[in-house]
1. According to the Cα gyration tensor, what semi-axes, each the square root of 5 times an eigenvalue, does the equivalent ellipsoid of the chain have, listed from largest to smallest in whole Å?
2. Determine by what factor the alpha-carbon radius of gyration of the range 52-180 differs from 2.2 N^0.38 Å, reporting the quotient.
3. Could you grab the relative contact order for the range 87-216? Cα pairs under 8 Å, six or more apart, rounded to a whole percent.
4. At q = 0.19, 0.21, 0.28, 0.30 Å⁻¹, what is the base-10 log of I(q)/I(0) for the range 108-153 according to the Debye formula with one equal point scatterer per Cα and no solvent? Please give it to two decimals.
5. Cα gyration tensor of the range 8-126, axes a ≥ b ≥ c as square roots of the eigenvalues: rounded (a/c below 1.5), prolate (a/b > b/c) or oblate?
6. Please report how far the C-alpha centroid of the range 115-184 lies from that of the range 1-42, rounded to the nearest whole angstrom.
7. Going by a ≥ b ≥ c, the root eigenvalues of the Cα gyration tensor, does the range 157-216 fall in the rounded group (a/c under 1.5), the prolate group (a/b larger than b/c) or the oblate group?
Ligand code: AMP
């Protein structure tokens, strides 16, 4: 039976890395709105041109645009394909739209995984994060350093600090999270599918907790 999850938490909580681990372990399609939007920005599509300045300021892309984007992504999935949404929904309006989309396809969310991380640690963690301008993979100078020529695509990664990982922007993103995304805590609590997972500690310990939370 296919499983349907979403993962949310403050920016820098390590959602992307953990989502990739869950994807591989549970054979899920990983749908990250941040990754999809960054691809549009790189390719200079009309959506990418609109999104670029908003993302660089650490603000949220308007709900209607993100909802349309995810509707297309979900439609493109093969029937029976389990998925893990990463970075979507980020507002109550997006959450309601997701519920409606899933209901149309007679699907339900099995769990909303909340990666709970200390805000203080986030500014530090994002300061150490580097992204490759070629393959878009992310690294952490302390916990996940790149290996020369060791990228799975066989190249030396070209590392930069993402504009939205700069400390002042990170603080703005945390405020955005508190104001616009944290209300999802109560939303999924009421639905009885919220699972809080401690997001502090090393990568393996966190993925172990996440797998336990979904009963895997
Ligand atoms: P992420 O990689 O998930 O941290 O996303 C990077 C940026 O993409 C965010 O700071 C937002 O500007 C934008 N973004 C990603 N997902 C969403 C979403 N669900 N709603 C609005 N904006 C989003």
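1. 25, 20, 19
2. 1.23
3. Once divided by the residue count of the range 87-216, the mean separation gives 33 percent.
4. Debye curve over Cα of the range 108-153, log10 I(q)/I(0) at q = 0.19, 0.21, 0.28, 0.30 Å⁻¹: -0.75, -0.81, -1.01, -1.10.
5. In terms of gyration-tensor shape, oblate.
6. Rounded to whole Å, the Cα centres lie 14 Å apart.
7. oblate
A short reminder: the numbers here are calculations on the coordinates, not readings from a lab. Note that the structure is a prediction, hence the values are computed from the model and not measured.
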